[in-house]
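Below: the structure, in structure tokens.
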Amino acid sequence: MSDTRVSLPGSLAGQFIVLIGLMGAGKSNLGRRLAAATSLPFKDSDNEVEAAAGCSIEEIFEQYGEQEFRDGERKVISRLFDGEPSVMATGGGAFMDPETRSMIKERGVSIWLRADLDLLNRRTQGRSHRPLLKNGNGRDILAKLIEERYPVYGEADIIFDVSDEPAPESAERLASALLAYGEE
Ligand code: S3P
């Protein structure tokens, strides 16, 4: 965990810091670190959806299908926006939902953790809890998602390039990018 502490400029007071990006980009890991650095609470929409449903995302997809998951995700993110400002890691598809996207744009500063295919593929390999990566070749699926989603993720307020550096260094760079944005 990075020891760096930052105080957010007044322009960011009361704002949610929302991390978006593809599976494996590091939204939860960097989100937790950014929350610690900024002294904001950390929320993970995937975890909140699972807690609300009482089962795993995999089970939601299996039993009810993707659309039901998207509806639950939208409701959960809306409820999180009713709470205190936080650093929020969202599932990779959240920002693709037009309603969720406009909530994020209205209430938060969005940060896209942009990563290339090799890095995402490496980081998601051998991890079996992601339903979207189960039906086919993981690398091909990620490549298709990059094509579909990156133009939309590009609407984020901040674009942060993820690299293979150690997480504490990434977290420090991320906090600096957020500060620079707040001070603009
Ligand atoms: C999804 C990403 C997952 C999870 C669900 C669907 C997606 O979250 O929400 O499996 O559509 O990209 P992570 O991005 O946190 O893995």
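The values are calculated or read from the model by the stated rules, or taken from the named source; none is laboratory data. The shown structure was predicted, so the numbers you read here are calculated from the model rather than taken from an experiment. A quick note on method: Cβ atoms are made from the backbone with ideal geometry, for glycine too, and the neighbour counts reach across all protein chains shown. The area values use the complete protein model at the heavy-atom level, side chains included, leaving out ligands, DNA and RNA. Shrake-Rupley method; radii C 1.70, N 1.55, O 1.52, S 1.80 Å.
Assorted remarks:
- Filtered by the rule that a residue be in contact (Cβ under 8 Å) with a residue 60 or more places away in the chain and either in a helix (DSSP H, G or I) or not polar (S, T, N, Q) (or both), the stretch 52-65 gives Ile57, Glu58, Phe61, Glu62.
- Summed over the stretch 56-65, the residues that are surrounded by fewer than 15 Cβ atoms within 10 Å (Cβ to Cβ) and touching a Gly at 6+ places or on another chain (Cβ under 9 Å) give a count of 1.
- Yes/no for Ser128 being polar (S, T, N, Q), away from the ligand (no atom under 14 Å from the Cβ), free of Cβ contacts under 8 Å to residues at least 40 places away in the same chain and open to solvent by 10 Å² or more (accessible area, probe 1.4 Å): no
- The one condition in (1) part of a loop (DSSP other than H, G, I, E, B); (2) touching a helix residue (DSSP H, G or I) at 6+ places or on another chain (Cβ under 8 Å) that Ser128 fails to fulfil: (2)
- For the stretch 100-114, residues that are farther than 22 Å from Ile60 by Cβ, surrounded by 13 or more Cβ atoms within 10 Å (Cβ to Cβ) and away from the ligand (no atom under 11 Å from the Cβ) total 8.
- Test: residue in the stretch 33-50 that is away from the ligand (no atom under 12 Å from the Cβ), free of Cβ contacts under 8 Å to residues at least 12 places away in the same chain and either open to solvent by 60 Å² or more (accessible area, probe 1.4 Å) or over 15 Å from the mean Cα position of the chain (by Cα) (or both): no
- Ala53 meets all of the listed conditions (1) open to solvent by less than 40 Å² (accessible area, probe 1.4 Å); (2) touching a Gly at 6+ places or on another chain (Cβ under 8 Å) but one, namely (1).
- Scanning the stretch 30-44 for residues that are touching a strand residue (DSSP E or B) at 6+ places or on another chain (Cβ under 6 Å) and over 14 Å from Leu178 (Cβ atoms) yields Arg32, Phe42, Lys43, Asp44.
- Among the residues of the stretch 133-156, those identified as open to solvent by 70 Å² or more (accessible area, probe 1.4 Å) and assigned to a loop (DSSP other than H, G, I, E, B) are Lys134, Asn135, Asn137, Glu155.
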